[in-house]
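Each remark here refers to the structure printed beneath this line.
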Amino acid sequence: MSDDAVSPEEVRHVAGLARVDLDDDEVDRFARQFADILEYFETLDEVPEVDREADLTNVMRPDEERDSLDREAALENASKAEDGYFKGPNVS
Amino acid sequence: MSENIYITEERIEGADDGPLSGTTVAVKDNISTEGVRTTCGSEMLAEYVPPYDATVVSRLKEAGATIVGKANMDEFGMGTTNETSHFGSVDNPAAPGRVPGGSSGGSAAAVAAGEADVALGSDTGGSVRCPAAFCGVVGIKPTYGLVSRYGLVAYANSLEQIGPFGETVEDAAQLLDVIAGDDDRDATTRETPLEEGETYADAATGDVDGLQIGVPTELLEGADEGVVETFWDAIAELEDRGAEYHEVSLPSVEHAVEAYYVIAMSEASSNLARFDGVRYGHSADAEGNWNETFARTREEGFGDEVKRRILLGTYALSAGYHDKYYKKAQDARAWVKQDFDEALSEADVLASPTMPVPPFELGESLDDPLQMYLADANTVPVNLADLPAISVPAGETDGLPVGLQLVGPAFGERRLIRAASALA
């Protein structure tokens with residue numbers, strides 16, 4: 001299975017996409033576990049193509065104004081706020 | 001309380017009068033309660049206080065229920081033992097020293113210990129039925145769309161439903177009567193199929209005369225011997241009361257676990273992207289730009305199992321892998337649905353052990369995530385097929401609770417309640 005093994009670099013790449021920092025121990029441990037789990041997921045190859053009959057209807061509500069959270073309540077759980085807005089870190 | 005059932009103990013009184021007046025309810029801590037912190041069992045939301053109630057919580061209050069606490073759970077619902085909770089594991093009141101099952105372990109334990117009359121949990125791949133089985137109580141996973149998910153913190157939203165626990169089928173059904181039905185805040189809900197004057201609770205008659213039970217052989221393979229024996233004893237009891245059983249085959253379920261985990265992890269990677277420490281939740285004291293700060297916040301706020309699922313979901317959806325994993329998993333999901341439809345065209349309900357094993361010892365199985373995932377083999381197919389199911393106590397093996405799972409057709413909750421009430 002060495003071809004399919006997950007490298008620490010791949011784990012770091014995916015962690016970067018998901019915006020989750022990992023320390024070196026976590027990277028090594030996840031690389032080992034992901035190899036096992038992904039090998040198991042490979043058995044999906046045996047699944048035939050299946051027609052999916054989706055019996056769905058869109059549900060729309062009238063486009064009318066209605067009450068929503070007031071600003072103060074919406075900001076209550078924010079770590080930082082300024083002038084009635086959420087305050088995030090610098091974009092770059 | 002020695003079992004560590006609640007993350008937050010707080011009384012929320014409902015209306016003076018209603019069908020649940022005098023009834024105490026434990027609510028899983030991923031269901032929003034206005035003014036009472038809702039942690040999802042995670043450090044990420046350890047201080048989060050929702051500014052609004054989930055629809056099911058509004059309905060509990062209107063029905064006169066008293067909420068007695070926010071129940072412990074696996075972090076964001078991701079676990080089968082309740083041991084991934086940031087707030088510590090829960091001891092099983094029905095089998096001390098063992099796990100209560102997950103992810104709604106605190107909810108099931110609250111009912112088993114008599115700390116609450118009934119409880120609410122959520123079931124994404126078995127998270128109501130597994131702890132019901134392990135704690136020797138009743139748990140219902142409703143048909144997808146029967147119960148509003150508004151205010152339920154999302155993990156895998158195409159799979160999950162809020163569901164009730166009770167000591168008896170009738171108790172759980174009574175709670176279902178209060179929470180079921182359409183909600184204009186959740187576009188996936190629809191009205192119950194109940195006729196005028198009908199309720200779920202009044203279906204708990206125990207009448208199984210003429211009931212046709214299908215037993216999918218795949219869901220018995222590889223199960224613990226004592227569990228299988230207890231399962232057949234329960235089927236024999238139903239036969240004594242006029243039910244009949246025949247074996248059926250669901251070949252697709254051999255792929256259900258991998259399909260479930262690919263879909264659930266993919267949805268989780270998207271749903272949990274909202275936790276960035278800006279609008280709510282833990283916020284790292286980090287220098288750097290937007291991306292660097294988010295990555296630190298998420299490293300600190302999420303536990304191992306949550307990181308694992310976010311990363312694997314991101315991987316399964318990433319360029320070059322989407323067709324190999326996610327698309328195939330959706331094919332498997334459609335196949336599972338077809339298999340269930342076919343089996344249910346020749347049986348009223350399908351029966352299996354809820355869990356293939358008795359409750360694990362605390363700490364027994366944390367190190368091998370794949371082995372944990374495989375324990376969900378009998379519960380995840382039901383979520384993939386959007387169907388209703390109930391877990392009802394079947395008996396014990398070596399003093400440990402065993403659950404019987406009954407699966408019915410979409411919106412066939414009354415049929416399940418009637419059949420299961422023959423046992424509890």
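The values are calculated or read from the model by the stated rules, or taken from the named source; none is laboratory data. In this text the structure is predicted, and so the values were computed from the model without any measurement. Here the Cβ positions follow ideal geometry from the backbone for every residue, glycine too, while neighbour counts run over all protein chains shown. We work out accessible area using only protein heavy atoms, side chains counted, and drop any ligands, DNA or RNA first. Shrake-Rupley method; radii C 1.70, N 1.55, O 1.52, S 1.80 Å.
In the stretch B:156-189, the qualifying residues are those that are touching a strand residue (DSSP E or B) at 6+ places or on another chain (Cβ under 6 Å) and of a type outside the set (A, V, I, L, M), and the one that is farthest from residue B:35 (Cα to Cα) is B:171.
Here is a list: B:180, B:173. Which entry is closer than 25 Å to residue B:113 by Cβ and modelled with pLDDT of 95 or more?
B:173
For the stretch B:190-222, taking the residues that are touching a strand residue (DSSP E or B) at 6+ places or on another chain (Cβ under 6 Å) and open to solvent by less than 20 Å² (accessible area, probe 1.4 Å), the one that is farthest from residue B:409 (Cα to Cα) is identified as B:219.
Within the stretch B:268-284, is even one residue basic (Lys, Arg), over 24 Å from the mean Cα position of the chain (by Cα) and within 11 Å of chain A (Cβ to nearest Cβ)? The answer is yes; a qualifying residue exists. For the stretch B:316-338, the set of residues classified as small (Gly, Ala, Ser) and either part of a helix (DSSP H, G or I) or buried (at least 19 other Cβ atoms within 10 Å of the Cβ) (or both) consists of B:316, B:329, B:332, B:334, listed by residue number. Of everything listed in (1) open to solvent by less than 40 Å² (accessible area, probe 1.4 Å); (2) not in a strand (DSSP E or B), the single unmet condition for residue B:392 is (2).
Working carefully through the options B:343, B:347, find the one that is part of a helix (DSSP H, G or I), touching a strand residue (DSSP E or B) at 6+ places or on another chain (Cβ under 7 Å) and either at pLDDT 95 or above or not small (Gly, Ala, Ser) (or both).
Of B:343, B:347, the one residue that is part of a helix (DSSP H, G or I), touching a strand residue (DSSP E or B) at 6+ places or on another chain (Cβ under 7 Å) and either at pLDDT 95 or above or not small (Gly, Ala, Ser) (or both) is B:343.
Filtering the stretch B:186-203 to residues that are among the aliphatic types (A, V, I, L, M) and either modelled with pLDDT of 95 or more or in contact with a Ser or Thr (Cβ under 6 Å, 6 or more places away or on another chain) (or both) leaves B:194, B:201, B:203. Look at residue B:21 and say whether it is open to solvent by 10 Å² or more (accessible area, probe 1.4 Å) and either within 19 Å of the chain's Cα centre (by Cα) or touching a residue at least 60 places away in the same chain (Cβ under 8 Å) (or both). It is false that residue B:21 is open to solvent by 10 Å² or more (accessible area, probe 1.4 Å) and either within 19 Å of the chain's Cα centre (by Cα) or touching a residue at least 60 places away in the same chain (Cβ under 8 Å) (or both). Scanning the stretch B:225-250 for residues that are surrounded by 18 or more Cβ atoms within 10 Å (Cβ to Cβ) and assigned to a loop (DSSP other than H, G, I, E, B) yields B:243, B:250.
Residue-wise test of (1) part of a helix (DSSP H, G or I); (2) crowded, with 24+ Cβ neighbours inside 10 Å; (3) of a type in the set (S, T, N, Q).
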residue: B:272; (1), (2), (3): yes, yes, no
residue: B:284; (1), (2), (3): no, no, no
residue: B:297; (1), (2), (3): yes, yes, yes
residue: B:314; (1), (2), (3): yes, yes, yes
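Would you call residue B:78 touching a residue at least 24 places away in the same chain (Cβ under 8 Å), hydrophobic (A, V, I, L, M, F, W, C) and touching a His at 6+ places or on another chain (Cβ under 7 Å)? It is false that residue B:78 is touching a residue at least 24 places away in the same chain (Cβ under 8 Å), hydrophobic (A, V, I, L, M, F, W, C) and touching a His at 6+ places or on another chain (Cβ under 7 Å). Residue B:190 meets each of the listed conditions (1) in a loop (DSSP other than H, G, I, E, B); (2) in contact with a Leu (Cβ under 8 Å, 6 or more places away or on another chain); (3) within 23 Å of residue B:397 (Cα to Cα) apart from (3). Right, residue B:180: open to solvent by less than 30 Å² (accessible area, probe 1.4 Å) and more than 24 Å from residue B:48 (Cβ to Cβ) or not? Answer is yes for this residue. Looking at B:42, B:89, B:85, can you tell me which residue is touching a His at 6+ places or on another chain (Cβ under 7 Å) and more than 29 Å from residue B:190 (Cα to Cα)? B:42 is the lone residue from the list that is touching a His at 6+ places or on another chain (Cβ under 7 Å) and more than 29 Å from residue B:190 (Cα to Cα). Scanning the stretch A:40-75 for residues being surrounded by 10 or more Cβ atoms within 10 Å (Cβ to Cβ) and of a type in the set (Lys, Arg) gives a total of 2. Take the stretch B:299-312 and flag every residue that is assigned to a helix (DSSP H, G or I), over 14 Å from residue A:10 (Cα atoms) and either at pLDDT below 95 or not aliphatic (A, V, I, L, M) (or both). B:299, B:300, B:301, B:304, B:305, B:307, B:309 - these are the residues of the stretch B:299-312 that are assigned to a helix (DSSP H, G or I), over 14 Å from residue A:10 (Cα atoms) and either at pLDDT below 95 or not aliphatic (A, V, I, L, M) (or both). Count of the stretch B:297-329 residues, restricted to those that are facing chain A (nearest Cβ under 7 Å) and polar (S, T, N, Q), is 2.
I'd like to check which helices (runs of 4 or more DSSP H) are fully inside chain A and have at least 1 residues that are more than 9 Å from every other protein chain (Cβ to nearest Cβ) and closer than 30 Å to residue B:188 by Cα. Please lay out each step first, then the result.
Numbers: elements: A:8-17, A:24-41, A:71-75.
In chain A, A:71-75 are the helices (runs of 4 or more DSSP H) which contain 1 or more residues that are more than 9 Å from every other protein chain (Cβ to nearest Cβ) and closer than 30 Å to residue B:188 by Cα.
Among the residues of the stretch B:57-66, is any over 29 Å from residue A:76 (Cβ atoms), open to solvent by 20 Å² or more (accessible area, probe 1.4 Å) and without any contact (Cβ under 8 Å) to a residue 40 or more places away in the chain? Looking for residues that are over 29 Å from residue A:76 (Cβ atoms), open to solvent by 20 Å² or more (accessible area, probe 1.4 Å) and without any contact (Cβ under 8 Å) to a residue 40 or more places away in the chain, one finds none in the stretch B:57-66, hence no. Regarding residue B:153, is this residue among the hydrophobic types (A, V, I, L, M, F, W, C), touching a strand residue (DSSP E or B) at 6+ places or on another chain (Cβ under 7 Å) and touching a residue at least 24 places away in the same chain (Cβ under 8 Å)? Judged against the criteria, residue B:153 is not a match. The set of residues from the stretch B:69-90 being surrounded by fewer than 22 Cβ atoms within 10 Å (Cβ to Cβ) and more than 15 Å from residue B:42 (Cβ to Cβ) is empty.
Could you list, in sequence order, all residues of the stretch B:160-175 that are touching a helix residue (DSSP H, G or I) at 6+ places or on another chain (Cβ under 7 Å), part of a helix (DSSP H, G or I) and hydrophobic (A, V, I, L, M, F, W, C)?
If we filter the stretch B:160-175 for residues that are touching a helix residue (DSSP H, G or I) at 6+ places or on another chain (Cβ under 7 Å), which is where we start, we get B:162, B:164-167, B:169-170, B:173-174.
Those still in the list that are part of a helix (DSSP H, G or I) too: B:169-170, B:173-174.
Passing the criteria: B:169, B:173.
Candidates B:416, B:406, B:387: the one that is assigned to a loop (DSSP other than H, G, I, E, B) and buried (at least 20 other Cβ atoms within 10 Å of the Cβ) is B:387.
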